[in-house]
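Everything below concerns the one structure shown next.
The values are calculated or read from the model by the stated rules, or taken from the named source; none is laboratory data. These figures come from a predicted structure and were not determined experimentally. In this analysis, Cβ positions are derived from the backbone assuming ideal geometry, glycine residues included, and neighbour counts consider all displayed protein chains.
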Amino acid sequence: MIELRSLTKRYGDVSVVDGLSLSVAGGELLVLLGGSGSGKTTTLKMINRLIEPTSGSVLIDGTETSAVVPHELRRRIGYAFQQVGLFPHMTVEENIAVTPSLLGWEPDRVRARVDELLTLVELDPTVLRTRRPDELSGGQQQRVGVARALAAGSSILLLDEPFGALDPLTRRRLQESFTRIQRELSLTTVFVTHDMVEALMLGDRIAVLNEGRLIQVGTPRELMTQPADNYVRELMSTPRRQAEVVDKLMTADATHG
Amino acid sequence: MAEQLALLPEYLTAHIQLTLVALLLSTAVSLPLGVVISRTPWLEQPALGVAGVIQTVPSLALLAMMVPILAGLELPSIGFLPAIIGLTLYGILPVLRNTVTGIAGVDASLKEAARGVGMTTWQQLGRVDLPLAMPVVVAGLRTATVWIVGVATLSTPVGATSLGNYIFSGLQTRNYTSVMVGCVAAAGLALVLDSLVLAVETGVRTRRRGLVALAGGLGALLYLFAAVTLAAPYLADRERPVVIGSKTFTEQYILSAILAEWIEQETGRSTTLRQSLGSMVAFDALDAGDVDLYVEYSGTLWANEMNRGDETASRTQVLEGVEQFLNEGHAMTLVARLGFENAYALAVRRADASRLGLSRIGDLRPHATTWALGGDYEFFARPEWRSIRRVYGLEFGELRTMDSTLMYQAAAQEDVDVITAFSSDGRIRAHDLMVLEDDRGAIPPYDAIVIASRRLSENEPMVIAAVAALDNRITVDRMRELNLAVDEDGELPAAVAERFVRELSR
């Protein structure tokens, strides 16, 4: 369980995140949804203290994160980066094994864990274990990135637009794999995206951010049926409008055909 | 060529010792410093600034500056130590700068990922920053390697044997085979060390264990070789040889070889030569006891050490003054006057002299304003030049600075009209030049004298007695012949010295 209390980040006079309060229940997947500059990535990074808040606090299972040594906190929280951030000088195996080895796991246990995780993210361990990141496709890199975030067996997972740079089909497959893994392992997850469809498909609940403020938080259905303001209403209607455009094209094609 | 190659083991070993020790020390300083700087941004500009300033000091000057600094600290001021310190300082910048820029150049998203997976600052450094910066750091290391191998040739004037011995003595005695052997050997060494560094880096990056083991093993062997050869003189329980110094010109190479040959023959003591020392380095080294014996010139001490160059004084007055200065000021001994002078002298073409009736320096006066005077690198800054101008009222149309080995030819070819010749140089006669008489005593006398350190004077009476027997045994004509044999006939100083000592013993 993650709790954000009046979380604020200011750079000079500019508030990037402004008085954000939210909670994520155990095993829940919360999507932070917003455009660029909405403060969603900053919020995510304040959870594992990659960025220190100006004020406010984060509690994980009731403990304030400010009371935990940052690198120890981060070893307990899986994190998948927007730019994937696989270390280019390490093999796939070494990348996944980073956090476990920092935690001092036995080599045998690490090796078994790497195989388990590669299988979980639907990659073949025997083929890929010793490859370097630059020998992988974009989709494979993202899968390894997720495997690395899960490696230490943490129950909390933070993901920053992890599937952003992929083609639609690959993204779709990864989203499906990820949903399965998240349910199987019952991971408490915060998932940052600006993609409306992704948010609707993955989120147990969605928190809509704009200019550093929380506009509304609720299930996809709640946001659809009771949008808090015009911004949310417009946001929620985009998938439907896109579907209508596609529909129209289809009917036009049918009449001509 | 064979004579030159016979010296290669000694010179190359010394060069390898200098290079490897300096490289190790400068990396040991610059790599951690670079890491600290990359964690402490405000340090970056000052540290890189200081390293950059050190780099802009001409390398020869940097090495030479170590001599007075170490002497001031009462440490061994010539030989291995000043060379090592100078080379180490010189090698710092490339590794330091490349470590800093290499770490700074690591992708920011990877640095964040390193923190995100739970690395501490030092784990991030060791597991992400340094491995990713390694190609850049190694590029700096390779630059430092090549630089240090090159600059180590300049260790010779501060008294450390190196491949520079070939180059310095070769340039002075116009033995271009010697120069070439020195250059080729240094270039070869640079190439070998550079390849080893590159091979280790490539092996690590591509995870080829065999390559790392091979190149790393060869490097380790070289270090072992340097360590063993450095330690050997200390382990062998031997009497310290008599250390004979020489400056960087032909006459000095010959005289130091004569002293060595003579002492070994007369006393059975072993000797070792420290050749191509800078002029003031030799005196400081004798003062510090790093050198036991060398040939100096009375006027040099009179002008440079005693600051009396602007006085006019007779040959005897100068000698007496110098002897007193050595005994009282430095506890050194003037052991022998060899019997000739090697003074600055103005020389003209013999044809001009007879055509215009020139015989004394004063006779130049009507011609000087339209004539060019050629002098060595230091002459126009020396008190002798001030004194000549003052006493004879001479103003030349043009002053040209050139290497002293080229002056005589320049006069013969009419590039210049008058040169500041050295009176014992055989090339005066060989190029049909004539020395003008200094009838008004403007130039102090430069008697060749053998001076000995306090250590030698106090502990080795046999050696002192042997050297004292050389008193007045070399006339200026004889010295000119010996110099000419090297400068024009291409004989080696050692061979000329051996012949002379044989004659002396008959």
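Numerical summary
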| read-out | value |
| --- | --- |
| Positions within the stretch B:276-324 being part of a loop (DSSP other than H, G, I, E, B), under 28 Å from B:LEU73 (Cβ atoms) and in contact with a Phe, Trp or Tyr (Cβ under 6 Å, 6 or more places away or on another chain), in sequence order | B:SER276, B:MET306 |
| Unmet requirement for A:THR219, which otherwise passes all of (1) surrounded by 16 or more Cβ atoms within 10 Å (Cβ to Cβ); (2) free of Cβ contacts under 8 Å to residues at least 40 places away in the same chain; (3) closer than 20 Å to A:SER21 by Cα | (1) |
| Filtered residues of the stretch B:99-136 (kept if of a type in the set (Val, Ile, Thr), within 14 Å of chain A (Cβ to nearest Cβ) and crowded, with 23+ Cβ neighbours inside 10 Å) | B:VAL117, B:VAL128 |
| Residues being within 14 Å of chain B (Cβ to nearest Cβ) and not in a strand (DSSP E or B) - total across the stretch A:125-162 | 21 |
| Single condition B:SER279 does not satisfy, out of (1) of a type in the set (S, T, N, Q); (2) at pLDDT below 90; (3) over 17 Å from the mean Cα position of the chain (by Cα) | (3) |
| Condition met for A:GLY85 (in contact (Cβ under 8 Å) with a residue 60 or more places away in the chain and on the phi > 0 side of the Ramachandran plot) | yes |
| Residues that are under 17 Å from the mean Cα position of the chain (by Cα) and under 26 Å from B:LEU230 (Cβ atoms), drawn from the stretch B:171-191 | B:SER178, B:GLY182, B:CYS183, B:ALA186 |
| Hits in the stretch B:191-217 (condition: closer than 28 Å to B:ALA14 by Cβ and touching a helix residue (DSSP H, G or I) at 6+ places or on another chain (Cβ under 6 Å)) | B:LEU193, B:ASP194, B:LEU196, B:VAL197, B:ALA199, B:VAL200, B:GLU201, B:ALA215, B:GLY216 |
| Number of the exception - B:ARG274 against (1) basic (Lys, Arg); (2) out of contact with any Gly (no Cβ under 7 Å at 6 or more places or on another chain); (3) within 22 Å of B:GLU491 (Cα to Cα) | (2) |
| Yes/no for B:ALA199 being crowded, with 23+ Cβ neighbours inside 10 Å and assigned to a helix (DSSP H, G or I) | no |
| Close pairs (8 angstrom Cβ cut-off, 6 or more residues apart or separate chains): among the polar types (S, T, N, Q) in the stretch A:50-73, assigned to a helix (DSSP H, G or I) anywhere | A:SER57/A:THR65; A:SER57/A:SER66; A:THR65/A:ILE47; A:THR65/A:LEU73 |
| Residue satisfying condition, being acidic (Asp, Glu) and within 17 Å of A:GLY27 (Cα to Cα), within set A:ASP167, A:ASP247, A:ASP204, A:ASP160 | A:ASP204 |
| Top-ranked residue in the stretch B:13-48 [being hydroxyl-bearing (Ser, Thr, Tyr) and over 32 Å from the mean Cα position of the chain (by Cα); ranked as surrounded by the most Cβ atoms within 10 Å (Cβ to Cβ)] | B:SER38 |
| Of all residues in the stretch B:340-365 being part of a strand (DSSP E or B) and of a type outside the set (Gly, Ala, Ser), the one that is farthest from the chain's Cα centre (by Cα) | B:ARG360 |
| Every pair of residues 6+ apart whose Cβ atoms lie under 8 Å, when the first sits in the stretch B:70-98 and is surrounded by 23 or more Cβ atoms within 10 Å (Cβ to Cβ) while the second is charged (D, E, K, R) | B:SER77/B:ASP284; B:SER77/B:ASP290; B:ILE78/B:ARG274; B:ILE78/B:ASP284; B:ILE78/B:ASP290 |
| Test for A:PHE178: is it in a helix (DSSP H, G or I), closer than 17 Å to A:VAL121 by Cβ, aromatic (Phe, Trp, Tyr) and within 12 Å of the chain's Cα centre (by Cα) | yes |
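Okay, residues lined up against (1) among the hydrophobic types (A, V, I, L, M, F, W, C); (2) within 20 Å of the chain's Cα centre (by Cα); (3) more than 30 Å from B:ASP292 (Cβ to Cβ):
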position: B:LEU75; (1), (2), (3): yes, yes, no
position: B:PRO94; (1), (2), (3): no, no, yes
position: B:THR101; (1), (2), (3): no, no, yes
position: B:ALA104; (1), (2), (3): yes, no, yes
position: B:GLY116; (1), (2), (3): no, no, yes
position: B:GLY126; (1), (2), (3): no, no, yes
position: B:LEU154; (1), (2), (3): yes, yes, no
position: B:VAL158; (1), (2), (3): yes, yes, no
